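Colleague: Following this message is one structure expressed as structure tokens.
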Amino acid sequence: MKHIERILMMLVIVLLAACSQDVAEEQTQEPDAPLRLGGVTRATTGDTEYGDIKIFLTDGTTATEGLFKYDVGGKSWTTQLKLKSGARTYQLYGYMPDNANFVSNISDWNGNRAVLHIQQMPPIAAQDYCVVTGVRQAVDENDETAAERGTFSFDYDSKHENYINLFLDHLYSRIIFSMKVGEDYDAVRTIKIKRMKLQVANISHYNVDVTLTKNVGISNVAYNITAGTGTDEPTTIRDEEIILTTSPQIVCSGYIIPATALFGKLSLVIEYDIYDKRGNKVAERTATNALATPLEELQRGEERTLQINIDPSYLYDLSLNDPPIVVIRK
């Protein structure tokens, strides 16, 4: 009996030692290396601010959704994405900045193309929405070489660090507003701008379908108006007072969907006060100007300046307190 107990005790010791060895091996095993985002380059013009980047990685028939979360203070991104262990080649598609109101997905992908769908995009925006059009395999975190448009593939290996750089192109157009007062009118009146808004009639949102093609980048963009008439709620693009002078000065800007159907429904609303040269406020006014003509042939990614002139042609034939406001393409 004692002999059997001794054998059983030895088996228990062996099993405990084996388990301890397995635990030690698990504790020392290296975790899978994440995919890290290094540098981000945006096509010229537009905003200089960055944001969260929503991404889709495709591998054969599988698509994985994730996020590069932007740290404003550190001006860097952390990865919120789980990839399988091993080595494989991915294609990456996405957009910046991410928006909680958007519904997005990807379809029709293969090694040469994919279609990125982003629903509920606003016709007017304060942010510069862009899509990823280039991916570059970086050597390390210090490699800031820009990605080239039309390259979407990169190699991933969970056994070592993986760095990529991204290139992005604009989905919207940027409108910059410059303002001035005519010298004759400025001699008798002072104009103080209080607020400026962009207003669009009967369009609430767009569903945007972006076709991304190897060696090209964006090969097609379809801007589709969603069902519904919208609320006609204006978007404020300037909410600080500014006194106009006879010299043109940039006062604000905004981003719009570059669609002809939108241009014909878009207006600029300017709220302003008029003062005499002794500093007395003599009138409060709101002017609304249609923007269809100065926005003709506006393209995606284009940055266009519109000049706003307060300059009566026949000063004393017009009311000093109702000066005409004209918006022209600069």
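Laboratory data are not the source of any read-out in this text; all were calculated from the coordinates shown. Treat the numbers as computed from the prediction; the structure is a model and nothing was measured. Cβ sites come from the backbone with ideal geometry, for glycine too, and all protein chains shown count toward neighbours.
Colleague: If I take every Cα pair under 8 Å that is 6 or more residues apart in region 175-330, average their sequence separation and divide by the length, what percent do I get for the relative contact order?
Modeller: 32 percent
Colleague: Could you work out the relative contact order of the chain? I mean the mean sequence separation of Cα pairs under 8 Å and 6+ apart, divided by the number of residues, in percent.
Modeller: Values: 784 pairs, mean separation 57.2, N = 330.
Relative CO of the chain lands at 17 percent.
Colleague: What pairs in 54/265; 54/197; 54/214; 197/265; 180/330 have C-alpha atoms more than 23 Å from each other?
Modeller: Details: 54/265 31 Å; 54/197 29 Å; 54/214 20 Å; 197/265 14 Å; 180/330 12 Å.
As for pairs spanning more than 23 Å Cα to Cα, those are 54/265; 54/197.
Colleague: Within 13 Å, Cβ to Cβ, of residue 80, how many net charges do the neighbouring residues add up to if Lys/Arg are +1 and Asp/Glu are -1? Walk me through the intermediate numbers first.
Modeller: Details: positive: 36, 54, 69, 82; negative: 52, 65, 71, 98.
Its environment carries a net charge of 0.
Colleague: How would you order 150-160, 77-87, 173-183 from highest to lowest mean count of nearby Cβ atoms within 10 Å? Mind showing how you got there, number by number?
Modeller: Numbers: 150-160: 16.0, 77-87: 13.7, 173-183: 19.4.
Listed from highest to lowest mean packing, they are 173-183, 150-160, 77-87.
Colleague: Shifting gears a bit: Between 31, 122, 248, where does the largest GNM mean-square fluctuation fall for the chain, given springs only between Cα atoms within less than 10 Å?
Modeller: Result: 31 has the largest fluctuation of those listed.
Colleague: Answer with one residue from 94, 199, 38: the one whose Cα lies farthest towards the positive end of the charge dipole of the chain, charges on Cβ with Lys, Arg +1 and Asp, Glu -1.
Modeller: Of 94, 199, 38, it is 199.
Colleague: Let me ask another. Dipole size in debye (nearest 20) for region 35-170 around its Cα centre, Lys and Arg Cβ +1, Asp and Glu Cβ -1? Could the numbers behind the result be given before it?
Modeller: On the way: 12 positive and 18 negative charges, 68 e Å.
The dipole of region 35-170 has a size of about 320 debye.
Colleague: Where Rh is the Kirkwood radius over the Cα pairs of region 161-276, the temperature 20 °C and the viscosity 1.002 mPa s, what D in µm²/s does Stokes-Einstein return? Can you show the working numbers first?
Modeller: Numbers: Rh = 17.4 Å.
Answer from the Stokes-Einstein relation: 123 µm²/s.
Colleague: Okay, next question. Have a look at the DSSP beta bridges in the chain and tell me what percent are antiparallel, nearest 5. Each step should come with its number before you reach the end.
Modeller: Values: 91 of 105 bridges.
Percent antiparallel among DSSP bridges in the chain is about 85.
Colleague: Still on this structure, please answer the following. Per DSSP H run of n ≥ 4, the term is -39500 (n - 2.57); total these for the chain, divide by its residue number, and report the mean residue ellipticity at 222 nm rounded to 500 deg cm²/dmol. Mind showing how you got there, number by number?
Modeller: Details: 3 runs with 35 residues, N = 330.
Calculated at 222 nm, the ellipticity per residue is -3500 deg cm²/dmol.
Colleague: Now for a separate question. Treating only the Cβ atoms of Lys and Arg (+1) and Asp and Glu (-1) as charged, compute the dipole magnitude of region 221-299 about its Cα centre; round to the nearest 20 debye. Walk me through the numbers on the way to the answer.
Modeller: Numbers: 6 positive and 11 negative charges, 38 e Å.
Charge dipole, region 221-299, about its Cα centre: 180 debye, nearest 20.
Colleague: Let me ask something else about it. Across every pair of different alpha-carbon atoms, what Kirkwood hydrodynamic radius in Å does the chain reach?
Modeller: Across the chain, the inverse of the average 1/r is 23.7 Å.
Colleague: Highest GNM mean-square fluctuation, the chain, Cα pairs closer than 10 Å: which of 195, 278, 88?
Modeller: 278
Colleague: Next up: I need the phi-derived Karplus couplings for region 114-124: 6.51 cos²θ - 1.76 cosθ + 1.60, θ = phi - 60°, integer Hz, Gly and Pro marked x.
Modeller: Karplus-based 3J(HN,Hα) across region 114-124 equals 7, 10, 9, 10, 10, 9, 6, 7, x, x, 10 Hz.
Colleague: On a 0 to 90° scale, report how tilted helix 2-28 is relative to the longest principal axis of the chain, with both axes built from alpha carbons and the result rounded to the nearest 10.
Modeller: 30 degrees
Colleague: What percent antiparallel are the DSSP beta bridges of region 35-170, to the nearest 5?
Modeller: Details: 37 of 43 bridges.
Just about 85 percent of them are antiparallel.
Colleague: Ok, one more. Please state the charge dipole magnitude for the chain, taken about the Cα centre, from unit charges on C-beta atoms (+1 on K and R, -1 on D and E), reported in debye and rounded to the nearest 20. Show your work: numbers first, answer last.
Modeller: On the way: 32 positive and 44 negative charges, 73 e Å.
Its charge dipole is roughly 360 debye.
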